[in-house]
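Below is one structure, written out as structure tokens; comments come after it.
Derivation of every value follows stated rules applied to the coordinates shown; laboratory data play no part. It should be emphasised that the depicted structure is a prediction, and the values quoted were computed from it without experimental measurement. Please note: Cβ atoms are built from the backbone with ideal geometry, for glycine as well, and neighbour counts cover all protein chains shown.
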Amino acid sequence: MSGLPIIGLNGVEFTWPGRASFALSVPEFSVEQGETVLLLGASGSGKSTLLSLICGTILPNRGRVSVDGADLAGLSWRDRDRLRAEQIGVIFQQFNLLPFGSVSDNIILPLRFAPKRRARCPDPHTKAVELCTQLGLPDGITKCTAGKLSVGQQQRVAVARALIGQPPILIADEPTSSLDETAQAHFLDLMFDQVAVQGSTLLLVSHDPRLGARFDRVVRMSDIASVGARAT
């Protein structure tokens, strides 16, 4: 899809069912392949809704959302799920690890739903160990139960899970919100190192403008979107 942004929104409008008081409007927003973008916004500014639209878990009432050139509204639910699994690695704010599963099983979980991503990772368990080492986790941690890890360790495992299989897009939803300044800087160093190695596109959502210097571009929700009551 040369020449097209890897993420694109045009004329998008969305209202949550039963919530006429919330309406998100995004006239235009795009992210280029290989770009690192920080998306800033306060609570209630529509950041999480925007990420859900990009990931295809919800569809706009109007307008177009495209990922790698594919119009998400033109795909079936199954095809959207497959596209998301193949193209997007997600770091959730709460990490969403399976607490009773091993670290290795948590990391390789996305590969079960993404054959192309799985094909880029012929030895998943070895790759999981490699990613953990690169992210500064101790030897042998892949055999540990995820629920027994510290918050910082869980966070790095969540990054490894998002990166495995080299998805073209990495989306991170407030991944540093629970960290102090020193831990935050170290975590971002590790994440950016891996993004650079894999050549991924990074869209990170935060409310903290101090992170901006690390990114190719900083975008404020208030500049690309508006949130208000649905017009009647």
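Data for the structure
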| item | result |
| --- | --- |
| Share of alpha-carbon pairs per 5 Å distance bin for the chain, given as whole % | 1, 7, 14, 18, 19, 16, 13, 8, 3, 1, 0, 0 |
| Label-point separation in nm, ARG210 to ARG112, each point 7 Å along Cα→Cβ | 3.9 nm |
| Whether the range 81-217 is rounded, prolate or oblate, judged on the alpha carbon gyration tensor where a/c under 1.5 counts as rounded | oblate |
| Cα-derived Rg to Rh of the range 1-104, Kirkwood definition | 0.98 |
| All aspartates and glutamates inside 16 Å of LYS116 as judged from Cα atoms, apart from same-chain residues fewer than 8 positions distant | ASP68, ASP79, ASP81, GLU86 |
| Around VAL195: net Lys/Arg minus Asp/Glu count, Cβ-Cβ under 12 Å | -3 |
| Interchain or long-range residues, amide H under 5 Å from LEU170's placed H | GLY89, THR201, LEU202, LEU203 |
| GNM top mover of ALA185, ALA172, ALA158 - the chain, alpha-carbon springs below 10 Å | ALA185 |
| Highest-MSF residue in the chain out of ALA119, ALA160, ALA146 [GNM, Cα springs under 10 Å] | ALA119 |
| Beta bridges by DSSP in the chain, antiparallel share as percent, to the nearest 5 | 50 percent |
| Estimated [θ] at 222 nm from DSSP helical runs (n ≥ 4, -39500 (n - 2.57)) normalised by residues in the chain, nearest 500 | -9500 deg cm²/dmol |
| GNM top mover of ALA162, ALA196, ALA114 - the chain, alpha-carbon springs below 10 Å | ALA196 |
| Qualifying lysines (Cα of each under 22 Å from Cα of LYS143; at least 8 residues distant if same chain) | LYS127 |
| Relative contact order computed over the chain (Cα-Cα under 8 Å; 6+ residues apart), in percent | 32 percent |
